[in-house]
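Report on one structure; see the data block that follows.
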Amino acid sequence: MRSRILGTGAYVPDRILTNADLEKMVDTSDSWIIERTGIRERRIVGQDQACSDLAMKAAEKALAKAGVLASQLDLIIVGTCTGDSPLPSTACLVQQKIGATRAAAFDLNAACCGFVYSLALADAYVKTGLQYVLVIGAEVMSSIIDWTDRNTCVLFGDGAGAVVVGKAEGDDGILSIHLHGDGEHSELIQVPGGGSRFPASEQTLNDKLQFVQMKGNETFKVAVKTMEEAVREVLTFNGHSIEDVDVFVPHQANIRILKAVAQRLKFPLEKTVINLDRLGNTSAASIPLALDEAVASGRIRCGDYVLLAAFGAGLTWASSLIRW
Ligand code: UT7
């Protein structure tokens, strides 16, 4: 028995922050950002928007596409590292907003792997008896960015993507999902403050510990290596080769990472879905946003082999192969 994605949905805030806007904020240039990252613009939440607001909008679209009512949901999982607040979970806020009266709800933090990790849980829960699970990747990365740090502020954006997972009928569906973690490299990408190690205080705010810190160059190398490994693992597990893959939907951090991975796998970049040029790195939202775009545009069709691969803070990395 397998689970499958019954419907996808996405939402990004209206406000666009271009590279030209960033040129006025920090010592950077449009050409540097495009050349080093592939990013041209990103979306940023309005003042009255938080993570659950984006998540709710993506969720409602996914439910409509799946033909499932919110009241039919058994479980809601929100993959995020930028929830509305530490307590309660953003998933509970979404549960209330969409009226999913019978659904259990919790958040999952696996940073940029949050969506694939959450999808793995949904897959397992459906296989063990739940009927409908809503999986959302939603982030307000702008809330943890130091807008004076050019090393990070040019990279990230806000958005949400969602899928409804239910039982598969035939041979289609989620073929497998593979998850990995390694705390050995936890210092590569971190938000050190605001948790139990350094609770928020005047000192932590002065030290800017509430913002993302990243060792970009080292992260880049690990990202290429882990993404390649994750792809090879899921293909080998399912007895497929890279030529069998119709559409690759990777986590969107940097176009140079995607090109390097494609080159190592000898996979044509044209079969890779890319949204980072318009949305930047939206962390856990990047894969479901790209997935929804590919489905909506007809790029992913029934019977296609769709490959997902992600990496992120933790470190975490993950992959999945889906027969659509
Ligand atoms: O999803 C979460 C995972 N995160 C990632 O995957 C990020 C992975 N890393 C990257 O994407 C890249 O490492 C970055 C885009 C962050 C940086 O690109 P890079 O080619 O690795 O640049 P670098 O860190 O080696 O820096 C090169 C130079 C430095 O100047 P010096 O020291 O050579 O004088 C930086 O200070 O570029 C400078 N620099 C900038 N210049 C203009 C760094 N950021 C900027 C900027 N504008 N925004």
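Legend: helices of the chain (whole DSSP H runs) are marked when their alpha-carbon atoms reach 30 angstrom or more along the helix axis and their mean Kyte-Doolittle hydropathy is at least -0.5; marked are 216-237.
Dipole of segment 3-170 computed with +1 at Lys/Arg Cβ and -1 at Asp/Glu Cβ about the Cα centre; of Ser3, Thr37, Cys153, farthest Cα towards the positive end is Ser3. Among the listed pairs Lys24/Lys97; Lys208/Lys259; Lys65/Lys97, a Cα-Cα separation exceeding 28 Å is found for Lys24/Lys97; Lys208/Lys259. Of the residues Ile287, Leu130, Phe106, the one whose Cα sits farthest toward the positive end of the charge dipole of the chain, with +1 on the Cβ of Lys and Arg and -1 on the Cβ of Asp and Glu, is Leu130.
Which whole-number value in Å² is the accessible area per residue of segment 1-109, probe 1.4 Å?
48 Å²
Annotation for segment 34-64 versus segment 183-241: alpha-carbon center distance of 21 Å. Shown are Tyr305, Tyr125, whose ranking by accessible area with a 1.4 Å probe and every protein chain present, most to least, is Tyr125, Tyr305. The aspartates and glutamates whose alpha-carbon is closer than 14 Å to the alpha-carbon of Lys61, local same-chain residues fewer than 8 away aside, are Asp53, Asp292, Glu293. Residue ranking by accessible heavy-atom surface, 1.4 Å probe, largest first, among Lys61, Lys221 comes out as Lys221, Lys61. With contacts taken as Cα pairs under 8 Å at a separation of at least 6 residues, segment 3-170 carries a relative contact order of 34 percent. Our Cα-only numbers for the chain put the radius of gyration and Dmax at 18.5, 57 Å.
Accessible surface calculations at 1.4 Å, restricted to protein heavy atoms, place segment 174-323 at 44 Å² per residue. Computed over protein heavy atoms with a 1.4 Å probe, the carbon and sulfur contribution to the accessible area of the chain reaches 50%.
For Tyr305, what charge total do you get from the other residues with a beta carbon under 9 Å from its beta carbon, if Lys and Arg give +1 and Asp and Glu give -1?
Values: positive: Arg323; negative: Asp244, Asp246, Asp304.
Taking every Cβ under 9 Å from that of Tyr305, the sum is -2.
Asp14 contributes an accessible area of around 130 Å² to the protein surface, as traced by a 1.4 Å probe with all chains present.
The Cβ shell under 14 Å around Leu315 holds other residues with a net charge of -2, Lys and Arg each +1, Asp and Glu each -1.
Defining a contact as two alpha carbons under 8 Å apart and six or more residues distant in sequence, what relative contact order in percent does the chain show? Dividing the mean separation by the residue count of the chain yields 25 percent. Helical content of the chain, expressed as a calculated mean residue ellipticity at 222 nm, amounts to -10000 deg cm²/dmol (DSSP H runs of 4 or more residues, -39,500 (n - 2.57) each, divided by residue number, nearest 500).
Suppose every Lys and Arg Cβ carries +1 and every Asp and Glu Cβ carries -1, with no other charges. What dipole size does segment 78-179 come out with about its Cα centre, to the nearest 20 debye? Let's see the in-between values first.
Details: 5 positive and 10 negative charges, 55 e Å.
The calculated dipole for segment 78-179 is roughly 260 debye.
For Lys208, the accessible area of its heavy atoms, probed at 1.4 Å with every protein chain present, is near 80 square angstrom.
The values are calculated or read from the model by the stated rules, or taken from the named source; none is laboratory data. Fair warning: this is a prediction, and the values are worked out from it, not measured in the lab. Using ideal geometry, Cβ is built from the backbone for each residue, glycine included, and neighbour counts are taken over all protein chains shown. Note: accessible area is taken over every heavy atom of the protein model, side chains too, but ligands, DNA and RNA are not part of it. Shrake-Rupley method; radii C 1.70, N 1.55, O 1.52, S 1.80 Å.
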